[in-house]
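S.K.: The structure follows.
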Amino acid sequence: CNQNKSDCFYQTYSSGVDAVREWYRFHYINILSRLPDNFTSLEENKLGNFIFNCRFNQASCNQANYSQFHHPIYGNCYTFNGENNSNLWMSSMPGIDNGLSLTLRTEQNDYIPLLSTVTGARVMVHGQDEPAFMDDGGFNLRPGVETSISMKKEALDRLGGNYGDCTSNGSDVPVTNLYLSKYTQQVCIRSCFQESMVKECGCAYIFYPRPKHVEYCDYRKHDSWGYCYYKLQDAFSSDRLGCFTKCRKPCSVTSYELSAGYSRWPSVKSQDWIFQMLSLQNNYTIKNKRNGVAKLNIFFKELKYKTSSESPSVTMVTLLSNLGSQWSLWFG
């Protein structure tokens, strides 16, 4: 409800599960907002508790190949080969043996039951200069399964200016980039919503980066921020805030086309010795066996990429050429 309790926001759900999760999510946001900026999780730097094994291009990975960040829903996440990593690797050949191979711990002992109802892990492929929006572009890994993802890079170059409504780097978009990364439409849309949140509600939504000198929303300090947020979210979804209009598409876009294959892992014949080796290697007993591990392979299908470029159907040269031909024809 608002501050003087004269108006309230009501939301109806067709599923009790969704209603309970939204209720818990709201209170979870208030808990996260109370953590200090320099708070470090006890599990934050223990990469081996999540990634049992890692190989890239037939060589072993280490801590230097990863950077860590915290996602409000999925918890501790790790970016492999990001732009901030000290040791960047490149693929020299296509194929499953020359890509990234991971063995992940997917045991559910550490899960928060009301926050995420999915078993497994969440993975996303994105550019090095782009943030990872796990809710939009990620996919789930199933425990006890080896998932093989083949990638194919695609690039799209749009014509801006008089030919189309796109932006080269976002400098001409009236929204401040809060992510300090390459301009993308999703970056702009989230930054736009956060700007509206700060302006209308007086605090920042914890799922997105906050501007300087602004506090995250917490009902101990902002007792009616929930009412303001849900009203704002409703206006955002229907584009009454204008974020989707302001945030134009970038003129150059790079994406990855993914194809997936699945197989049971480990096999019945090999599971005993594999679980024994994983337990010895990581000094950790895998209690749930098949539900406690998942295997992932990500590799380039071929080391070439497709580029789609827009070009004007009539340029000044072709226009003058056509005019010259018409003049010659009719005067002749």
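The values are calculated or read from the model by the stated rules, or taken from the named source; none is laboratory data. Everything numeric here is computed off the predicted structure, so don't read it as measured data. Don't worry about glycine lacking a Cβ; one is built from the backbone with ideal geometry, like all the others, and counts go over all protein chains shown. Only protein heavy atoms, including side chains, enter the accessible area calculation; ligands, DNA and RNA are left aside. Shrake-Rupley method; radii C 1.70, N 1.55, O 1.52, S 1.80 Å.
S.K.: Quick check: from the Cα gyration tensor, does segment 230-332 come out rounded (a/c under 1.5), prolate or oblate?
M.R.: Oblate, because a/c is 1.5 or more while a/b does not exceed b/c.
S.K.: The chain: longest stretch without exposed GluC sites (Glu not before Pro) (DSSP loop, at most 15 other Cβ within 10 Å), sites themselves excluded?
M.R.: Numbers: sites that count: E43, E44, E83, E215, E302, E310.
Here the longest run is 84-214.
S.K.: Take the solvent-accessible surface of the protein heavy atoms, probe 1.4 Å, and return the percent of it on the chain that carbon and sulfur atoms account for.
M.R.: 51 percent
S.K.: Residue separation times 0.36 nm, minus the C-alpha to C-alpha distance between N84 and I274: what's the value?
M.R.: Working it through step by step, the gained length comes to 65.1 nm.
S.K.: Also, I was wondering about something else. From the square roots a ≥ b ≥ c of the eigenvalues of the alpha-carbon gyration tensor of the chain, which class results: rounded (a/c under 1.5), prolate (a/b over b/c), or oblate? Before the final figure, lay out each step's value.
M.R.: On the way: a/c = 2.35, a/b = 1.18, b/c = 1.98.
The shape class here is oblate.
S.K.: When the Kirkwood radius is taken over all Cα pairs of segment 127-265, what Stokes-Einstein diffusion coefficient follows at 25 °C and 0.890 mPa s, in µm²/s? Working shown, then result.
M.R.: On the way: Rh = 17.5 Å.
Answer from the Stokes-Einstein relation: 140 µm²/s.
S.K.: For Y179, tell me the accessible area in Å² from a 1.4 Å probe, rounded to the nearest 10.
M.R.: Rounded to the nearest 10, the figure is 50 Å².
S.K.: To continue, here is another question. Nearest 0.05, what FRET efficiency do E257 and E215 give at R0 = 45 Å with Cβ-Cβ as r? Before the final figure, lay out each step's value.
M.R.: Values: r = 41 Å, r/R0 = 0.92.
For E257 and E215, the calculated efficiency is 0.60.
S.K.: I want the antiparallel fraction of DSSP beta bridges within the chain, as a percent rounded to 5.
M.R.: Numbers: 35 of 48 bridges.
Restricted to the chain, the bridges split so that about 75 percent are antiparallel.
S.K.: Same structure again: Answer rounded, prolate or oblate for segment 58-206, using the Cα gyration tensor with square roots of eigenvalues a ≥ b ≥ c: rounded when a/c is under 1.5, else prolate when a/b is larger than b/c, else oblate.
M.R.: Because a/c hits 1.5 or more and a/b fails to exceed b/c, segment 58-206 counts as oblate.
S.K.: Sticking with this one: Over the chain, with a Gaussian network built from C-alpha contacts below 10 Å, which listed residue (G99, G16, G160) shows the highest mean-square fluctuation?
M.R.: For the chain, modelled as a Gaussian network with Cα springs under 10 Å, the answer is G16.
S.K.: Per 0.36 nm of contour for each residue apart, how much would the distance between K199 and E22 grow if the chain were fully extended, relative to their Cα-Cα spacing?
M.R.: Details: separation 177, 0.36 × 177 = 63.72 nm, distance 2.39 nm.
Difference between extended and current length: 61.3 nm.
S.K.: Considering the options P143, Y216, N297, tell which one lies farthest towards the positive end of the dipole of the chain, charges being +1 on Lys and Arg and -1 on Asp and Glu at the Cβ, about the Cα centre.
M.R.: P143
S.K.: To continue, here is another question. Every cysteine in the chain with no other Cys Cβ under 4.7 Å from its Cβ, please list them in numeric order.
M.R.: By the Cβ distance rule, which asks for a partner under 4.7 Å, the isolated cysteines are C77.
S.K.: Over segment 7-162, with the other protein chains present, what is the accessible area per residue in square angstrom, probe 1.4 angstrom? Mind dumping the intermediate values first?
M.R.: Values: 8700 Å² over 156 residues.
That works out to 56 Å² per residue.
S.K.: Quote the FRET efficiency, to the nearest 0.05, computed for Y74 versus R240 with a Förster distance R0 of 41 Å and r equal to the Cβ-Cβ distance.
M.R.: Numbers: r = 30 Å, r/R0 = 0.73.
E(calc), rounded to 0.05, equals 0.85.
S.K.: For segment 137-242, which trypsin sites (Lys or Arg not before Pro) pass both filters: DSSP loop (anything but H, G, I, E, B) and at most 14 other C-beta atoms within 10 Å? Mind dumping the intermediate values first?
M.R.: Values: sites: K152, K153, R158, K182, R190, K199, K212, R220, K221, K231, R240; in loops: R158, K182, K212, R220, K221, R240.
Those that pass, being in a loop and sparsely packed, are K212, R220, K221, R240.
S.K.: Note down the nm distance, to one decimal, between modelled labels 7 Å out along Cα→Cβ at N109 and at L35.
M.R.: 2.1 nm
S.K.: Determine, from the Cβ-Cβ distance of S6 and A155 and an R0 of 56 Å, the FRET efficiency 1/(1 + (r/R0)^6), rounded to the nearest 0.05. Spell out each step's value before the answer.
M.R.: Values: r = 53 Å, r/R0 = 0.95.
The computed FRET efficiency comes out at 0.60.
S.K.: Here is a further query. Using Stokes-Einstein with the Kirkwood hydrodynamic radius over Cα pairs, what translational diffusion coefficient do you get for segment 117-180 at 25 °C and a viscosity of 0.890 mPa s, in µm²/s rounded to a whole number? Each step should come with its number before you reach the end.
M.R.: Numbers: Rh = 15.5 Å.
The diffusion coefficient I find is 158 µm²/s.
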